[in-house]
Amino acid sequence: MKILLVNPRFPPSLWDYSCCRDITGNAFPFPPLSLATVAALTPPEHDVAICDENICAVDFDTDADAVGLTGYSSQKDRVYQLADEFRRRGKMVAIGGPLVERSTVGECAGHADAVFLGEAECTWPAFIRDIRLRTVRAVYEQSGFVDLSDSPAPRFDLLDLRNYSSAIIETSRGCPHSCEFCEIPVRLGRKPRTKSADQVMTEIRRLYALGVDSIFIIDDNFLGDRPRAVTLVTRIREFVRSVGDRISFSCQFTIDMAQDENLLSLLREANFRRVFIGIETPRQSTLTMAGKRQNTQIDLLDAVRRIQSHHMIVWGAFIVGFDDDDTEIFQEQLDFIQASSIPIAMVGILQALPGTPLYERVKRQGRLKDDAAGGIRGSANLLATSNIKPLHMTDEDLAAGFRYLVTSLYDDDNFAERLIGAVRLGKKSRSTVRAKIHQTELRILRRLFRYYLLTTDPRRMFMFLRVVFETLLHNPRCLETVFMHLIVYKHMKQFYGEGTSAVPLARSGRVK
């Protein structure tokens, strides 16, 4: 049997770096790991192919017998379009991924022969068997959570990894924390489940053999199990040293990990160059109300500084629109992010996601405006919206304050201050200066220089020259990292600008 697995096209979003592809040439940031995993779960006697519509067009004339579609809520419309067209052509269609929830399973089932609720390690092989037996069920639901020791190494070989900015791997699922707004404990469980160090190293070695030089570990809290993290990162460090530092890593973890100096040192020795942290807000009262207690037990600014002192660039996630937020919060967020030298800050308006404690609470309170989340989870025109009615400001105040915050963050001078600060904090960086630069990288550099220097915008040109000069002066080994941040900055500035352009701009962080 022939099976085609399809990752539908994403609409433009904060996460897709669509506004800087004219520089990078990459079609998308990350490959569809879920489909590579499903391909590995397919018995070897079947022929499997992966189509990422973010890379290439979907071939509706495929001779595949069955088509599997994955998707997030932001991809819903395209998932249904593809599913309907393939079914019209007589293909058996299955839909899975985060799009399929208890609240959406009926709707998804109207567009597919089978839908998958929950993880697929057990249910996908059952579906393949049922196709052969002609006993396909309408809904395949995972009972409980799977043991990740049963999850095979993804079929990375089915992807052209040159089309992506970075490869990704998953070493664990689940989160023990109880943040009111977060869907991870609901969807993946509160007890972290892990792959063995041998499993993870097998995936890393396979990616390296395929030419990958950058891997993002997508676990929501990579360091959650500290003893396990020490063992795994030690193995990664040994591998990195064996290949001469020719591969680097980035990951996500909670900010309380900043208290473990030994683990931070180990991460840097393993060539972890960038970390993404959910800081959310500098207000301690808000963090307590939101259940983000791991952020209340440490001085946030000091914690960021500790991580940066180990020569890792910190990116942060921030949220406005909490129940405790008033019109002062926008300036408070801006001041904190500037002081912390976090160059890339992903800022969004709070959304109530189905299944979360927040969703249930605001629904009971009569403050839920819509099941569909807007903000950074929605399309660009929903960037400054929330599906929650705020308590201490109007919807208009929230949108105007959000626009003030993101346009201030991605002002040329403010961004330059943060990036230069991060460069100086990483002065002893062990990042290597490569003797050989690939032709692809030379093309990216030419496009980058053209964008910043061949411009009629003097502020853009001056910002670029200032950042490059400061890097050469204080930490020339960081130049490659700085160029990467200048590319990402182009996307952030343009996407936030376009997504909030229809919102009246507040004159300051305190909306009147």
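For the range 155-207, filtering for residues that are among the acidic types (Asp, Glu), exposed (fewer than 14 other Cβ atoms within 10 Å of the Cβ) and under 24 Å from residue 99 (Cβ atoms) leaves 0.
Residues are listed down the side, and each one gets a yes or a no for (1) surrounded by 20 or more Cβ atoms within 10 Å (Cβ to Cβ); (2) under 27 Å from the mean Cα position of the chain (by Cα); (3) at pLDDT below 95:
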site	(1), (2), (3)
378	yes, yes, yes
389	no, yes, no
404	yes, yes, no
411	no, yes, no
420	yes, yes, no
424	no, yes, yes
434	no, no, yes
442	no, yes, yes
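The set of residues in the range 81-137 being surrounded by fewer than 19 Cβ atoms within 10 Å (Cβ to Cβ), without any contact (Cβ under 8 Å) to a residue 40 or more places away in the chain, among the charged types (D, E, K, R) and closer than 26 Å to residue 151 by Cβ consists of 129, 130, 137.
Residue check: residue 175 meets all listed conditions (1) in contact (Cβ under 8 Å) with a residue 24 or more places away in the chain; (2) over 20 Å from residue 254 (Cα atoms) but one, namely (2).
The residues on offer are 223, 210, and the sole one that is among the aliphatic types (A, V, I, L, M), over 30 Å from residue 293 (Cβ atoms) and either buried (at least 20 other Cβ atoms within 10 Å of the Cβ) or out of contact with any Gly (no Cβ under 6 Å at 6 or more places or on another chain) (or both) is 210. Per the listing 150, 130, the residue uniquely of a type in the set (Asp, Glu) and modelled with pLDDT under 95 is 150. Taken over the range 153-186, the residue count meeting the criterion of being in a helix (DSSP H, G or I) and either modelled with pLDDT under 90 or closer than 24 Å to residue 51 by Cα (or both) is 7.
Scanning the range 67-94 for residues that are out of contact with any Gly (no Cβ under 7 Å at 6 or more places or on another chain) and of a type in the set (Val, Ile, Thr) returns 67, 93.
Exactly one residue among 346, 393 is modelled with pLDDT of 95 or more, assigned by TED's automatic domain parsing to the domain that holds residue 417 and within 16 Å of residue 493 (Cα to Cα), and that residue is 346. Quick check: anything in the range 76-91 assigned to a helix (DSSP H, G or I), touching a Ser or Thr at 6+ places or on another chain (Cβ under 9 Å) and more than 19 Å from residue 3 (Cβ to Cβ)? Taking every residue of the range 76-91 in turn, at least one turns out to be assigned to a helix (DSSP H, G or I), touching a Ser or Thr at 6+ places or on another chain (Cβ under 9 Å) and more than 19 Å from residue 3 (Cβ to Cβ). Determine, yes or no, whether residue 144 is surrounded by 15 or more Cβ atoms within 10 Å (Cβ to Cβ), under 26 Å from residue 195 (Cβ atoms) and not hydroxyl-bearing (Ser, Thr, Tyr). No; evaluated as a whole, the condition is false for this residue.
The values are calculated or read from the model by the stated rules, or taken from the named source; none is laboratory data. It should be emphasised that the depicted structure is a prediction, and the values quoted were computed from it without experimental measurement. Quick reminder, even Gly has a Cβ in these numbers, built from the backbone with ideal geometry, and neighbours come from all protein chains shown.
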